[in-house]
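The values are calculated or read from the model by the stated rules, or taken from the named source; none is laboratory data. Because the structure is a prediction, the values reported are computed rather than measured. No Cβ is skipped: glycine too gets one built from the backbone with ideal geometry, and neighbour counts run over all protein chains shown. Ligands, DNA and RNA are stripped out before the accessible areas are found, and what is left, the full protein with its side chains, is counted by its heavy atoms. Shrake-Rupley method; radii C 1.70, N 1.55, O 1.52, S 1.80 Å.
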Amino acid sequence: MSEAAPDLSQIFRDEAAERLDAMDRALLACESGQPGGEVVEELFRHAHTIKGTAGLVGRDDVSSFAHEVEDVLDGIRQRGEFPREVASLLLDAVSALRALVTGSAAPSAELRRRLGEAAGQVRGAPRGASPAAEQPGGPGGAGAAGGAAAAGAAGGPGAAASRVLRVPAAKIDHLLDVVAEVVQFRHRLAHSAESGIGADSPLADDLRAGERMLDELRDTAVAMRMLPVATITGPLPRAVRDMARQAGKEAELVMAGTGTEMDRVVLESLSEPIAHLLRNAVTHGIETPEERQRAGKPRRGRVELRAAPRGSSAEIVVADDGRGVAPEVIQEAGRSGSLVDLLTRPGYSTAGEVTGASGRGVGLNAVRAQVNALGGSMEIRSWPGRGTEVALLLPLALSLLEVLLFERSGAVYGVPQASVQEVVAIREPMHLQGRPMLAVHGHPVPLADIADLLGVRAPRLQENAPALVIRSGDRRVAVSCDVLAGQQEVAVKPLGRFLGGTTGYLGSAVLGDGRIALLLEPKTLATGIGRAPGPRADAPADLPRAEPPPAAGAEAAAPRERPAILVVEDSFTVRELQRSILESAGYPVATARDGQDALEVLRRDPRVGLVVTDVEMPVLDGLSMLRAIRADPDRASLPVVVVTAHASDEERRQGVEAGADAYLAKGSFDQQALLAIVARLLGR
Amino acid sequence: MSTYVRIRVGAERYAIPVGHVVEVCDLDPAGIVPVPGARPEVLGVRNLRGLVLPVVDLAAVLRVPRAAPPGGLLVAESGGARAGLAIDRVVGVEEMGEPSERCDSPLLAGAILSDGQLTGVIDVPRVFGALEAEGS
Ligand SMILES: Nc1ncnc2c1ncn2[C@@H]1O[C@H](COP(=O)(O)OP(=O)(O)OP(=O)(O)O)[C@@H](O)[C@H]1O
Ligand SMILES: [Mg+2]
């Protein structure tokens, strides 16, 4: 819905934020006394462009305030001199402009008054043969018009650099989803084709070529998640300067390597830790100008932020040339472990009093927790009297993995979605040398209970228990479990050093509800089944048997009588899951990948007697589709089950208003509940 | 004098230098997920505010016989790694002298004998090292 029109005002806000950051940087340079003519030009251009664009998107408030800022800059430009106190006034104005753009506050009357005064001042005192002489023109008038031409020619920030397209993160995520789905789809295609064609037929060649291209496509898509560190460092130089000022200090931030690219998700969660390290550098590290002078250091402290790639990790270092930690602290650290261990201890602080900036001693602890949660590590080095350096080593990309979750005897396990070929309900297993086998698309596949594979005790499986057909290399296995728990993208966390010797795990993941899922390696499952101990003596009884006669009888008669169910879901795996559950219960199933697609199917296929739908889908979402169904006189009473990721009260209310007959939570997705609801709605 | 967290493991008394202690909480056995195939001292992993924390039975590591299941969890840290140590309970935090009594265990920094009671001082880096070494 909100996707329909490109959101102009959002684009404006993003672009203005970038320009305001650039203005901050330029003004900081002016404040430290090196304003070249081109710096003033740049500042003017930014103010001018913000003014123009704000007008275009109807933000006249921003436009008129930007004009006041521009006015001052225009004066400076013509006068050829940049008084220092004006730089700091303009820094305040940039902050006010930023607040105005985001809508959090309007500029104060006092600030506007001072800007007006400054404009008058810089204009009022032209010095000798200033550039103004060549371009007379009344206050604002011709000067501003000339500026407009200059700004038009200059283009946006970084116009000289490579062209950049602004794409909402959600679109890239969607692209990745679709690519993952296509890769899966190809696996299935290859599988069904395998039996029909020889390995060296031209068709097989084509399939392989397609696979290579698909891999490339996926790599490219994944790389789109990478962003330079510079994306989060824009406001930092300004922040450091302001923090120092507040503490009666002087400090400048020097950055290096901000072109280093990292996963967007990692970067986003780094903003806060980096801000904290900078705050520590300023409050604990950098001394007052007097103190620094006495120690023979330059009055202005230097804080560094360096980023650099290190193999599959990136290193981010925050360093200061301040006082470092006390020698006693270094000694104490030597006794109790390392300096990181000591300084990150909760409650550890050397700050005498708690201020807004520091003193509670929880900061570094939180930084470390965050870094650990991302799978990174942290180190601190400090030289008394000379400074401190905090180094973060972080994975370049968060290892996000799309997994299929399932449960057995209360524990949750996950396998990579890409390794799961399909999900079947176990019916009539066959045996070979006493080992159970399952027929999957006409081929036998060894079957094993996940509990047996892992060697854990578990109550016997229910009849019709689901099995995941997992593929690794050219081996396939069917792994049975109690219940499927859905599909999810998880951050893979290593099991850690103390479980280093344990094989068979890709790692673990913390799920939304706080439970931990163990992520299993498909390869170990596939090969493990070969060496799994023969079935226990009672195994045949353990396995689900063929359906008892009445059920079988019902089944034989059912397909023609039972109405078809339409499964609407954009995720391939969830869709296939639901399809297999419903099909194994004897319902014919049709599928659609979004609401639009579903309405098409409904128009074509009169057999559909019930719809199971997801909520959030591209093109047409579930609730809009539901409204369309209710509005169609022929279909108005069609039962619709809504499967939702998070059934908040608000969502339920919307769903009920749209005409949903039942709700099912995706998180706790379980097949018994789905079948019960379907049976109830179909009146059986 | 140094500060120690004093704990009970089975019927025995131990102390851990406070610098290695991150926090102490209830064991919450239901929250521990066993990891099939792991070494026997490892009870499993649990979620500690988003962190996957390995939980180790300290009694099994120290080979202390245990009559009742452990009730407390002490999160220890060394060299950037963390582990939850399952213990019987925390006795308190106390200033004590240096571990002057020598003992043969490679997992202890020594022992303290006072008021007729023997307290072993745990060498956390060594305990962590031992858990790692045999694991792989
Ligand atoms: N750059 C630094 N230079 C010198 N000492 C530092 C530096 N960074 C941290 N420290 C030391 O580490 C201690 C712990 O830092 P931490 O950020 O955890 O707590 P804090 O800053 O005192 O309080 P808060 O929880 O409010 O941030 C500080 O009190 C200080 O002694
Ligand atoms: Mg701090």
Using only the heavy atoms of the protein chains and a 1.4 Å probe, how would A:M262, A:M224, A:M255, B:M1 rank by accessible area, largest first?
B:M1, A:M224, A:M255, A:M262
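Within 10 Å of each Cβ in peptide A:509-521, how many partner chain Cβ atoms are there on average? Round it to a whole number, please. Could the numbers behind the result be given before it?
Numbers: counts 1, 7, 1, 0, 1, 5, 3, 10, 1, 7, 0, 1, 0.
For this peptide, the per-residue mean of nearby foreign Cβ atoms is 3.
Need one value for B:37-45: mean number of C-beta atoms belonging to other chains within 10 Å of its residues' C-beta atoms. Mind showing how you got there, number by number?
Values: counts 10, 7, 5, 0, 1, 6, 0, 4, 9.
Counting other chains' Cβ atoms within 10 Å and averaging over B:37-45 gives 5.
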Highest mean first, how do A:280-286, A:338-344 rank when packing is the count of other Cβ atoms within 10 Å averaged over residues?
A:280-286, A:338-344
List every residue whose amide H lies under 5 Å from the amide H of A:D482, counting only residues 5 or more places away in sequence or on a different chain, with H placed 1.01 Å from N in the peptide plane.
A:E407, A:R408, A:S409
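May I ask you to compute the full-extension gain from A:D215 to A:E328, defined as 0.36 nm times their residue separation minus their alpha-carbon distance, rounded to one decimal in nm?
Details: separation 113, 0.36 × 113 = 40.68 nm, distance 5.55 nm.
Extra length available between A:D215 and A:E328 comes to 35.1 nm.
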Connecting C-alpha atoms closer than 10 Å in a GNM of chain B, tell me which of B:L48, B:L74, B:L107 has the biggest fluctuation.
B:L48
With springs only between Cα atoms under 10 Å apart, run a GNM on chain B and tell me which of B:R63, B:R13, B:R126 wobbles the most.
B:R63
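So, R0 is 30 Å and r is the distance between the beta-carbons of B:R89 and A:D513; what FRET efficiency does that work out to, to 0.05?
Working: r = 29 Å, r/R0 = 0.97.
E(calc), rounded to 0.05, equals 0.55.
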Looking at the square roots a ≥ b ≥ c of the eigenvalues of the Cα gyration tensor of the stretch A:559-627, which shape do they give, rounded for a/c under 1.5, prolate if a/b is larger than b/c, or oblate?
oblate
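Report, as an integer, the average count of C-beta atoms from other chains found within 10 Å of each Cβ along B:65-74.
Values: counts 0, 0, 0, 0, 0, 0, 0, 0, 0, 0.
Taking all residues of B:65-74 together, the mean is 0.
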Excluding ligands, DNA and RNA, what is the accessible area buried between chains B and A, summed over both sides, using a 1.4 Å probe, to the nearest 100 Å²?
2400
Between A:R208 and A:H441, what is the spin-label point distance in nm, taking each point 7 Å from the Cα along the Cα→C-beta axis?
2.0
DSSP-loop trypsin sites (Lys or Arg not before Pro) across the stretch A:368-423, with at most 14 other Cβ within 10 angstrom
A:R386
Diffing the stretch A:435-448: the Karplus 3J(HN,Hα) column from phi (6.51, -1.76, 1.60, θ = phi - 60°), in whole Hz with x for Gly and Pro, holds 9, x, 10, 10, 8, 10, 6, x, 10, x, 10, x, 10, 8
Determine the order of A:K171, A:K493 by accessible area, beginning with the largest, at a probe radius of 1.4 Å.
A:K171, A:K493
Using amide H atoms built in the peptide plane, which far-off residues or other-chain residues are under 5 Å from A:L519 H to H?
A:G414, A:L506, A:G507, A:S508, A:A509
If the chain between A:K523 and A:S64 were fully stretched, how many nm would it gain, using 0.36 nm times the residue separation less the Cα-Cα distance?
158.8 nm
So what's the gap between the Cα centers of the stretch A:593-613 and the stretch B:59-136, to the nearest angstrom?
64
Return the sequence-ordered ³J(HN,Hα) values of the stretch A:106-116 in whole Hz as given by the Karplus equation 6.51 cos²θ - 1.76 cosθ + 1.60 applied to θ = phi - 60°, using x for Gly and Pro.
8, x, 6, 4, 4, 4, 4, 4, 5, 5, x
On full extension of the chain, what length is gained from A:Q672 through A:Q121, given 0.36 nm per residue of separation minus the C-alpha to C-alpha distance?
190.5 nm
Cβ-defined net charge surrounding A:P494, 14 Å radius [Lys, Arg +1; Asp, Glu -1]:
+1
